[in-house]
Every structure is written in C-alpha cells, then in structure tokens.
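Below you'll find the structure, written out as structure tokens, and then a few comments.
The values are calculated or read from the model by the stated rules, or taken from the named source; none is laboratory data. On a predicted model such as this, the values are computed, not experimentally measured, just so you know. Cβ sites come from the backbone with ideal geometry, for glycine too, and all protein chains shown count toward neighbours.
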Amino acid sequence: MEKHQRIVIIGAGAFGLSTALRLKEEGYESVTILDRSVPPVPDGSSNDISRIIRFDYGDSIYANIAKEAFELWKTPVYQEAFHQTPCLWVCQESTPEQPVQPRVQDHSSKTKRVLTEMGQEWIPLSSVEEAKQHFPKLTGRLATPGFDGFYNTSAGWADAGLACARLMSRCESAGVSFITGPNGQVEEFEKNPDGNIKSVRTKNGRLEGDQFIVATGAWTSSLIPTWNSMLAAGQVVGYLRLTPEEVAELKDLPIYFNFSTGFFAFPPHEPTGYLKVACHGFGYTRAEPSVTSAPPSSVVASRANYIPADGLKRLTAGMTDLFPQLAPRGFEKVGICWYNDTPTGDFIFDYHPEHRNLFIATGGSGHGFKFLPVIGKYIVGSWQRKLSDKLLTKWKFPTQFRERFQGEAFAGDGSRGGPERRELTAQELNTFDTALKAASAVSRQSKI
C-alpha cells in the first residue's frame, strides 16, 4: 500500500482506533476516522466501566494473541485502565430455571487444554466449597447443580471507556484526523462504475478517499451488504449500587463467568460504586435476521435504561447465585450491549467481495475488546495481506450464507450459555426506543 493514500476509517471503537494508530505508526500520511460520536462512543460495545481481559480460549490462535495483548495491558501505556484479578470459570447442569447449552462443557475442556499447551497454570475447582475456600467473598450457591470450575490468575478487567479515551488521545498525537457528529455520521458509500468506493456520504456532507475501512461493529449490516455473514445481537447488562463499605469489602473478588448460563460478574468499579453483571448469550435481535438486525443509528448520549423482562430475570438469578444478600436490592440501571456476531465467533478482517478498496474490520462477537493493544496490528496486517494464510483464511469474509440466512450457523465458539436467541417484540422495541430518548434527554440536560 502506498503511504500517501487517503485512508478513511468508519467507526471510532476499539477496532477503528487501534487500526488508525497502527497505520500512523507504519508511516501512512492521511488517516481519518469518522463516527457519529466522539469516542468512547456512548452506546458502542467498546465503551463501559469494564471489559474482561483474559486469554482463556478454546482456540489456540485467539489464546496466543490474547496473551500477547494481556502482556501489553500491564505496561505503562495501558495499565491506567487495567486491573489484574483472577478469572473464575464455572459450568453447571441444566435446570428448568436455568437452561444451559450442552456445548459449554466441551468449550471448558478445550480452554483448559489450550492453557496447558501454552504452559499457563490453571487451578481446578471440583466443588462450590472448594471455590469458596479460594474466594470466600462469594456467598451464594454458585453454579449448581453439577458445579465444575477452574480459575486463572493471569486475567483482569479494563475500564473500556477510559482505555478508548486514552487511545483516542494517542491517535490525535500521532496525526489521526477525527470527524464526529453529523459530519461523521456515515449514511452510505458512493461508488465508481467499476465498484470501487470513491467517497462516503455523511449526514451533513461527504468525504473522498482511496481506501476505506469499515469498523462499525453491530452497525455494520445497516451500512454495507453483509450477505448474512454477521448479526447484531443485544446482550443484557445490569449495575447494582454498592456502598463504599461494600466496595472495599468486595474489592478482591474474581471475575466470575458461568459458561452454562452465560452470566458473568466483575469486581466492584470503585469510581462509580457499581457491581456490574451481564450475560454472554445468544441475545436479542431488533429485526428479522434475514432482513437486517442492527441497533439504532441515531446519535445518542447514553444507553437506554431498559432490558427485556426475561433478561432481567436472568441477571437477577445470576446475582442470587453469587450474592443472595445483594440480589433483592435490584439494579440501579440496566442496558443492552450490542455484539456483532459472526457464524463461528471469528473476526472478519477482509475486503468486501464486491469492492476492492472497501475493507471490513468487524465481528467482535462479544470477545474483541481485550485485543485492543494488538488488534490494530492484525487488522492492518490483514489489510496489507501480510499475515499468514492461516490467519487470512480464519478472518475471511464469509460468502457461503449470501443467498439464505442460516440462523443455526450463529452458534459462536461454544462459549455462549442460556436460552436461544430471540427477536425483540414490538412492545419491547417501543419501550427500548422510548427509554433511549429519555436517557439522551437527561444526558443533554445535565450538560446545560
């Protein structure tokens, strides 16, 4: 690639920011990021008080790249946002109240095998009692019946919003240009007769370029033809308010992740006083998948304080399993985090089949943020076609689903737990959209 080409990146999340910085580090002269919001984008999956940082994977490729990123999270450039803590992984048997996915036991076994092959120590836990000997602050019944678990001390969590804000500053210092707000809200691509992209049209203008990189996460399918290769799925998140005394008491909690139910929880976030919990499952879609499932594309100031009733029930059940004394308190706020899922959970780092200068960098599938320190290197390497054939093949744009949506193909990597994916009802969509408008109105008023 010629270094003087005009490179336009759409999307200011972890993938877009990391890519832009890598390009400038490699000497590319003109790199511009467009987004409808200044990063960290309020409703983007790269923004929140916490994201898991770990390399516990059943796939050796992701495990090794995540280990590479983990080592960088501990360096001065990233450590302001990083908190090292053990990660406790558990499985359980299915019950009528907690339906589980049968693949997760296999995924857990694969993960332990990969860690062993990497030479990474992990500690097996055969019972709830044994788990509580290691982590006595966990007071509930945990993953029962049929508890099986292990933990890894080489893990932690990152303040995602802080990490992206700092990465944006590094991009600006490196010479990356940013266009945000209506001028950066991309609505469509303008094409030449040969199919090449010549410019993007935004809400308030247009911008020409030579190379275009789409890093728009769950919004990708509403912007480009994705040929059923990705699906925007909403996952539920809850924030329980702790007292300062409770924050201090629980500060040494591990990250807790139940493969079987999809429920997971973080240690307390001291700046806000929140105990954050969420579900890593199959999620909710906003439209018939064969048409397009995508989050709202309007500019928002914060997430909507709303999740479906069955999602709230799952979060409450998970809290009860962990901390029965805290669960009745309820959540001070909730929200939906939008994943951009791919059929196998793999990233998509490849050129669009119909446009030679349109590169796709998406498909975080709920596990992409942890790679923030290194993901730009791999995206740029894919864009330059300099990576190994193995990686280029793994991250290839899937074309086999072009003619027909295969819902069953979106099973991920085996780590998803809980009920099957479902469509949000019309009433749920209306409530969600109303809550989104209310949240944005409150945020705007607070800035006046």
Fill in the blank from the handout: Expected single match for at pLDDT 95 or above, surrounded by 14 or more Cβ atoms within 10 Å (Cβ to Cβ) and aliphatic (A, V, I, L, M) among 100, 114, 104 is 114
Practice task
Out of 236, 200, report the one residue that is closer than 17 Å to residue 33 by Cβ, in contact (Cβ under 8 Å) with a residue 24 or more places away in the chain and out of contact with any Ser or Thr (no Cβ under 6 Å at 6 or more places or on another chain).
Solution key: 200
Problem - Total residues in region 23-57, condition touching a helix residue (DSSP H, G or I) at 6+ places or on another chain (Cβ under 6 Å) and farther than 27 Å from residue 187 by Cβ - result: 5
Exercise for the section: Could you name every one of the strands (runs of 3 or more DSSP E) located completely within region 74-151 that has at least 2 residues being touching a residue at least 12 places away in the same chain (Cβ under 8 Å), over 13 Å from residue 258 (Cβ atoms) and more than 23 Å from the chain's Cα centre (by Cα)? Expected result: 123-125
Exercise for the section: Among residues belonging to region 377-416 that are in contact with an Asp or Glu (Cβ under 8 Å, 6 or more places away or on another chain) and modelled with pLDDT under 95, point out the one that is farthest from residue 341 (Cα to Cα). Expected result: 414
Completion exercise
Of the conditions (1) crowded, with 24+ Cβ neighbours inside 10 Å; (2) more than 17 Å from residue 349 (Cβ to Cβ); (3) not small (Gly, Ala, Ser), the single one that residue 15 does not satisfy is (2)
Handout entry: Candidate set from region 252-300 (those that are at pLDDT 95 or above and in contact with a Pro (Cβ under 6 Å, 6 or more places away or on another chain)); member that is surrounded by the fewest Cβ atoms within 10 Å (Cβ to Cβ)
Key = 253
Completion exercise
Filtering helices (runs of 4 or more DSSP H) wholly in region 300-410 for at least 3 residues that are closer than 24 Å to residue 157 by Cβ gives 309-322, 372-383
Handout entry: Single residue of region 158-198 satisfying the filter (under 28 Å from the mean Cα position of the chain (by Cα) and polar (S, T, N, Q)) that is nearest to residue 269 (Cα to Cα)
Key = 169
Practice task
Check 439, 411 and return the single one that is surrounded by 19 or more Cβ atoms within 10 Å (Cβ to Cβ), touching a residue at least 12 places away in the same chain (Cβ under 8 Å) and not polar (S, T, N, Q).
Solution key: 439
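A quick yes/no check of all residues on (1) modelled with pLDDT of 90 or more; (2) more than 13 Å from residue 306 (Cβ to Cβ); (3) part of a loop (DSSP other than H, G, I, E, B):
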site	(1), (2), (3)
427	yes, no, no
431	yes, no, no
437	no, no, no
442	no, yes, no
Problem - Selection from region 207-216 of residues that are of a type in the set (Gly, Ala, Ser) and in contact with a Phe, Trp or Tyr (Cβ under 7 Å, 6 or more places away or on another chain) - result: 215
Practice task
State whether one or more residues within region 310-321 are surrounded by fewer than 24 Cβ atoms within 10 Å (Cβ to Cβ), under 30 Å from residue 96 (Cβ atoms) and polar (S, T, N, Q).
Solution key: yes
Practice task
Return the pairs, sorted by first residue and then second, in which the second residue is part of a loop (DSSP other than H, G, I, E, B), the first residue lies in region 23-51 and is aromatic (Phe, Trp, Tyr), the beta carbons are less than 8 Å apart, and the residues are 6+ apart or on different chains.
Solution key: 28/1; 28/3; 28/5
Completion exercise
For region 126-158, the count of residues that are touching a Cys at 6+ places or on another chain (Cβ under 7 Å) and among the β-branched types (Val, Ile, Thr) equals 0
